[in-house]
Amino acid sequence: MIKLIACDMDGTLLNEKGELGRDFFEVFKKIDDLDIKFAVASGRQYHMLFQNFEHIADNLIYIAENGTMVKYKDKEMFSSVIKEEYVEEIIKESREVKDINLILCGKNCAYIDNDDNKILEEAKKYYHHLEIVDDFSKVTDDIIKIAVMDFNGAQKNSYVFFNTKWRDRLQIKVSGEIWVDIFNKDANKGKAMRMIQKKFNIGKKETMVFGDYFNDLEMFEEAYYSYAMENAPEEVKKHARFLAGKNSDNGVIEIIKEKILSKNLSEGN
């Protein structure tokens, strides 16, 4: 029996317009009545995630900023703060890469040093608490993740640059077509899943997860029922045991209806 469902947001639970799929709140009510825990696991900011879920927000578990912060009932279960000297060095090095923008993701707020409308419009899709600063050195918040916005293509551009320099000290993850996330090696969605499973005494065969990108791979490892979305890159699909429909076709909700709410869930299906 499934006791925990964890789901990525962009490209997974959200449709192509960035909206929750049809029937989500109705389906959530049914799985909540079955005492199934639901975790949202995203590169998004905690404050943004909380806002997405309206009246049920207090009932969810939040794996935010790619696992660098985990919260439940508005209490911090885990956070992973990047060393100040690392943050300073990355800020300095980022000036070597053309046309990228950094967002320093703190526990309390996200910070950006660019007020260009196009840049801010993209950033505000993922960061509800966002402050424009004229100098990153003035930020005093604990930084748990550095997000790199790269309109030249994250995987072939900024990922190569930062991974070459930092892979021995930090994790460098491509989290979207124009996004690279940089954070500590002791944090990822998979570790967050293990913490949640331990807290609630839930096993891998009682866990179902959904994801669509490379920052979801560790999460796939913590569930027998690991689903990659049909719209995921082929390399990502190889790491999941099962396949869900496209996010634009409400793929997550359809699997939950079929495999849990219809009580047809069995190994191998």
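The values are calculated or read from the model by the stated rules, or taken from the named source; none is laboratory data. Since the structure is predicted, the reported quantities are computational estimates derived from the model, not experimental observations. With ideal geometry, Cβ positions are generated from the backbone for all residues, glycine too; neighbour counts draw on all protein chains shown. Areas reflect the complete protein model, heavy atoms only, side chains present, ligands, DNA and RNA absent. Shrake-Rupley method; radii C 1.70, N 1.55, O 1.52, S 1.80 Å.
Principal axes first, then extents: for the Cα atoms of the stretch 82-129, list largest minus smallest coordinate on each axis, whole Å, largest first.
Reported extents, whole Å, longest axis first: 28, 28, 13.
Taking only the alpha-carbon positions of the stretch 1-106 and ignoring solvent, what does the Debye formula give for the base-10 log of I(q)/I(0) at q = 0.12, 0.14, 0.20 Å⁻¹?
The calculated log intensity ratios at q = 0.12, 0.14, 0.20 Å⁻¹ are -0.51, -0.65, -1.07.
Placing +1 at every Lys and Arg Cβ and -1 at every Asp and Glu Cβ, with all other atoms neutral, what dipole size does the chain have around its Cα centre, in debye to the nearest 20?
Values: 40 positive and 49 negative charges, 219 e Å.
Result for the chain is approximately 1060 debye, rounded to the nearest 20.
Counting residues in the stretch 102-248 as N, plug N into 2.2 N^0.38 Å and put the Cα Rg over that result. Please list the in-between numbers first.
Working: Rg = 16.7 Å, N = 147, 2.2 N^0.38 = 14.7 Å.
Working it through for the stretch 102-248, the quotient is 1.14.
Taking only protein heavy atoms into account and a 1.4 Å probe, give the accessible area per residue of the chain in Å².
Working: 12550 Å² over 269 residues.
Heavy-atom accessible area per residue stands at 47 Å².
Mind checking which of V174, V209, V133 has the largest fluctuation in a GNM of the chain, springs on alpha carbons under 10 Å?
V133
Hey, what's the Kirkwood Rh for the chain if you take every pair of different alpha carbons, in angstrom?
Numbers: mean 1/r = 0.0534 Å⁻¹.
For the chain, inverting the mean 1/r across all distinct Cα pairs yields 18.7 Å.
Mind listing the Cα extents of the stretch 171-236 along all three principal axes, in Å, largest one first?
The Cα atoms of the stretch 171-236 stretch 37, 29, 13 Å along the principal axes, largest first.
Residue farthest toward the positive end of the dipole of the chain, with Cβ of Lys/Arg at +1 and Asp/Glu at -1: which of A187, F220, N201?
Final value for the positive-end residue is N201.
If packing is taken as the mean number of other Cβ atoms within 10 Å per residue, what is the order of 75-83, 2-10, highest first? Let's see the in-between values first.
Numbers: 75-83: 15.8, 2-10: 22.4.
Result, highest mean Cβ count within 10 Å first: 2-10, 75-83.
Among DSSP beta bridges lying fully in the chain, give the percent that are antiparallel, nearest 5.
60 percent
Cross-link list K30/K185; K92/K198; K30/K118; K165/K205; K125/K189; K3/K124: which exceed 30 angstrom alpha carbon to alpha carbon? All intermediate terms of the calculation are to be shown ahead of the outcome.
Details: K30/K185 36 Å; K92/K198 39 Å; K30/K118 40 Å; K165/K205 38 Å; K125/K189 20 Å; K3/K124 33 Å.
Distance filter (> 30 Å) returns K30/K185; K92/K198; K30/K118; K165/K205; K3/K124.
At 1.4 Å probe size, what's the solvent-accessible area of T207? Round to the nearest 10 Å².
0 Å²
Name the residues of the stretch 156-177 whose amide N is less than 20 Å from a point 7 angstrom out from the Cα of E89 along the C-beta direction?
158-174
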